[in-house]
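Derivation of every value follows stated rules applied to the coordinates shown; laboratory data play no part. Just so it is clear, the structure is predicted and the values come from calculations on it, not from any experiment. Cβ atoms come from the backbone with ideal geometry, glycine included; neighbour counts cover every protein chain shown.
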Amino acid sequence: MSAPLIAVCPHCHSPNRLPAGRLADGGTCGKCKGALFAGAPVELGAANFDTHAGRSDIPLLVDFWAPWCGPCRTMAPAFAQAAKQLEPEFRLAKVNTEEEQQLAARFGIRSIPTLALFRNGQEVARQSGAMDTASLVRWVRAQG
Ligand SMILES: [Zn+2]
């Protein structure tokens, strides 16, 4: 018996408890019945960021970006592709720094795109600059 994990729903942002062995199967949210892992990045803002970063047992990879940033737009498809490969081991999220200036300020985001990896609410790694899917997946896995 492995201990249950908390995974936060990407649709309604409710924490869900699920057996660790069931993580690979994905599963559905107890509240909204949406897929807990949809293979796509979730858009986060000040209202739900801490739930995903702090309440979940799944490490959270955040892409801090902005609509006016060319390299960010270039990286968006690679990031979406990486979500398919990294879920459910990691949760991938995007924070629009133009709309979420408080979050950008809180994490001292100076250049975009910036990728930051969070475990149990703590930032454990950061990387600035656009990456392709393979480099992105490799970088995330290299963080242990
Ligand atoms: Zn839900």
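Ignoring everything except DSSP H segments at least 4 long, calculate the 222 nm mean residue ellipticity for the chain; use -39,500 (n - 2.57) per segment, divide by total residues, nearest 500.
-7000 deg cm²/dmol
Relative contact order (percent) for the chain, with alpha-carbon contacts under 8 angstrom and 6 or more residues of separation?
25 percent
Between A125, A38, A83, where does the largest GNM mean-square fluctuation fall for the chain, given springs only between Cα atoms within less than 10 Å?
The residue with the greatest mean-square fluctuation here is A125.
Measure nothing but the geometry: give the 0 to 90° angle between the long axis through the Cα atoms of 70-86 and the longest principal axis through the Cα atoms of the chain, rounded to 10°.
20 degrees
So which residue, out of S56, S14, S128, gets the largest mean-square fluctuation from a GNM of the chain using Cα contacts under 10 Å as springs?
Result for the chain, Cα springs under 10 Å: S128 fluctuates most.
Any chance you could give the angle, 0 to 90 degrees and rounded to 10, that helix 133-142 forms with the longest Cα principal axis of the chain?
Around 60 degrees separate the two axes.
What is the magnitude of the charge dipole of region 1-78 about its Cα centre, with +1 placed on the Cβ of each Lys and Arg, -1 on the Cβ of each Asp and Glu, and no other charges, expressed in debye to the nearest 20?
Charge dipole, region 1-78, about its Cα centre: 200 debye, nearest 20.
Tell me the Rg and the Dmax, in Å, that the Cα atoms of the chain produce.
14.5, 48
If neighbour count is taken as other Cβ atoms inside 10 Å, put I58, I6 in order from fewest to most.
Ordered by Cβ neighbours within 10 Å, fewest first: I6, I58.
Taking amide H positions as placed 1.01 Å from N in the peptide plane, with prolines and chain starts having none, which residues 5 or more places from C32, or on another chain, fall under 5 Å of its amide H?
none
If you average the C-alpha positions of region 12-55 and of region 110-144 separately, how far apart do those two centres end up, in angstrom?
Here the two parts' Cα centres lie 20 Å apart.
Residue-wise, which Karplus ³J(HN,Hα) couplings in Hz belong to region 92-108, taking 6.51 cos²θ - 1.76 cosθ + 1.60, θ = phi - 60°, and x for glycine or proline?
Going residue by residue, I get 9, 9, 10, 10, 7, 6, 6, 7, 10, 5, 5, 5, 4, 5, 4, 9, x Hz, with x marking Gly and Pro.
For N96, what is the net charge nearby, where nearby means another residue's Cβ is under 14 Å from its Cβ and Lys, Arg count +1, Asp, Glu -1?
That sum, taken over residues with Cβ under 14 Å, equals -3.
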